[in-house]
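Report on the following structure.
Every number in this text was worked out from the coordinates using simple rules, so none of it is lab data. A quick note: this is a predicted structure, and the numbers were derived from the prediction, not measured. So basically every Cβ, Gly included, is an ideal-geometry build from the backbone, and we count neighbours across all protein chains shown.
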Amino acid sequence: MATIRKQILLSEAQNERLRKLRAVTGVSESEIVRRALEAYDPRGGAGTDDDEIREALEALVEQNAKTARALESAEAEIAATERYLQALRAERTGGQGAEPAPARRSAKPRRRNAAGGGR
């Protein structure tokens, strides 16, 4: 890497902080300044690229939709199993005294957002 010499002005406090960082990390003052410059985001962000955040959010939404589909499938399987067991109980008791399967959920329906999630 080709380097260019720069002369910068620091306050006494900044200079002291730079010296302490050098002593603690064992990294040269120049390297500390270079690393700080690489991490600097003039928009005030943490240096993370907007595309990275967008991609992570898209992956999260996709995973949320997959999870919602898996949950709906599992709930359908549970409901089918409950119906089967209820029919089996009714068959064994001759249709008399068969108790309905206990409700597994509250009567309040869940709402799902547009991305398919709801929890």
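At-a-glance table
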item: Sites SER11 and GLN63, calculated FRET efficiency, Cβ-Cβ separation with R0 35 Å, nearest 0.05; result: 0.15
item: Radius, Kirkwood style, for the range 49-94 when every pair of distinct Cα atoms is counted (Å); result: 13.4 Å
